[in-house]
1. State which residue is farthest from A102 (Cα to Cα) when the search covers only the stretch 132-145 and only residues that are in a helix (DSSP H, G or I) and open to solvent by 40 Å² or more (accessible area, probe 1.4 Å).
2. Can you find even one residue in the stretch 153-165 that is crowded, with 18+ Cβ neighbours inside 10 Å, acidic (D, E) and within 30 Å of N84 (Cβ to Cβ)?
3. Identify, by number, the condition in (1) of a type in the set (S, T, N, Q); (2) outside any loop (DSSP other than H, G, I, E, B); (3) under 14 Å from the mean Cα position of the chain (by Cα) that N119 doesn't meet.
4. Look at K246 and say whether it is among the basic types (K, R), under 30 Å from T144 (Cβ atoms), at pLDDT below 95 and under 36 Å from the mean Cα position of the chain (by Cα).
5. I want to confirm something. Restricting to the stretch 225-250 and keeping residues that are in a strand (DSSP E or B) and open to solvent by 20 Å² or more (accessible area, probe 1.4 Å), which single residue is farthest from V171 (Cα to Cα)?
6. So which residues in the stretch 270-299 are surrounded by 15 or more Cβ atoms within 10 Å (Cβ to Cβ) and either farther than 19 Å from H188 by Cβ or of a type in the set (D, E, K, R) (or both), if there are any at all?
7. Would you check if there is a residue in the stretch 113-136 being within 30 Å of F277 (Cα to Cα) and at pLDDT 90 or above?
8. Please work out if F239 is without any contact (Cβ under 8 Å) to a residue 40 or more places away in the chain and closer than 23 Å to P291 by Cβ.
Amino acid sequence: MTNVCSNVQLFFWPGSVNRHSLMHSFLDCNCIRDLWEELEKCISSTVEEKVTFTSSLCLHETQHRVHTKQSSKASPLSTYGRVNTMLPLLRSYFDPEEDTKADFRMSREALHSLMHQLNTHRCHGLGGELEVLILAYWLAHGLTYSVVSRALGVPKTTVHDVTHRMAAQLVRLKDQIIHHPMTAAALHNVGQGFAALAGHEAFSTCVGAIDGCHVRIKAPSTPDAQDYFNRKLFHSVQFQAVCDSKGQFLDMFVGYPGSVHYSRILKHSYLYEEAVFPPPGYFIVGGGGYPCLERPITLMTTFR
């Protein structure tokens, strides 16, 4: 190639060189024919290399676009904000073989049901799916916004906004999700569930189990802070709930200070004051902290 280029330069070089004599000598020894053949070979090989390089570049770009589209379809969280799906929490959530209860205290099916109830389908912001995960993780562990921010790779202010907004939206759906079984068929199904648990048909008319729990809080800075200090030696508010045989909530009542007795909370709840559940002919069961009642609601407690 170097010899060809030098010959070409000599042939087309301006100045004192006699072109006619050079051309004459080239023609006499048939050099001009060999020169052009070598030039054609060099030009064709160069064009082929450029075409090959351009084709490879286009193929790489096409593959990159296809991979990007597949990645965006595989990860529904990458909608508007960039989400690091390699974080341990998100990686375990997107792995169908992983159990989500350890991180979110909810099964994968329960998380998907919650997302459906909250209507999380949208194509802007972080995406409703990630917002539900933020809320579930925050509620499951009672962590600070900073810890949730680092665990899920989102700003701390976003965690604050998402938890408050999604919690308010969830509260608005409370009556649609938590309600009493009032039809005969629904009551029969719940009763059969308790009969199966107890191993006796006497519990076929049992349609609920009532109990309470303490939700830990920071000590209030008010004069009545001592009212929230419970018998387990921490500050709390109390949560009363009625569940069916599968553990699904049928009724809830929240807010009394931790030092208040279960029986007093029951008598101030809507369930007792309005006597809306259970209906006549059915009963609910409760622990030793509750009184055994026949009216206004039928409540059977453990034998002592």
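The values are calculated or read from the model by the stated rules, or taken from the named source; none is laboratory data. Remember, it's a predicted structure, so these values are computed and weren't measured experimentally. Please note: Cβ atoms are built from the backbone with ideal geometry, for glycine as well, and neighbour counts cover all protein chains shown. To get the accessible areas, we keep the full protein, side chains included, count just its heavy atoms, and leave off ligands, DNA and RNA. Shrake-Rupley method; radii C 1.70, N 1.55, O 1.52, S 1.80 Å.
1. Step one: filter the stretch 132-145 for residues in a helix (DSSP H, G or I), giving 132-141, 145.
Still in the list and also open to solvent by 40 Å² or more (accessible area, probe 1.4 Å): 138-139, 141, 145.
Details: W138: 13, L139: 13, H141: 10, Y145: 19 Å.
My answer is Y145.
2. No; the residues of the stretch 153-165 include none that is crowded, with 18+ Cβ neighbours inside 10 Å, acidic (D, E) and within 30 Å of N84 (Cβ to Cβ).
3. Just one mismatch for N119, condition (2).
4. no
5. Among residues in the stretch 225-250 that are in a strand (DSSP E or B) and open to solvent by 20 Å² or more (accessible area, probe 1.4 Å), the one farthest from V171 (Cα to Cα) is F229.
6. Residues satisfying the conditions are L271, Y272, G286, G289, Y290, L293, I297, L299.
7. yes
8. Yes.
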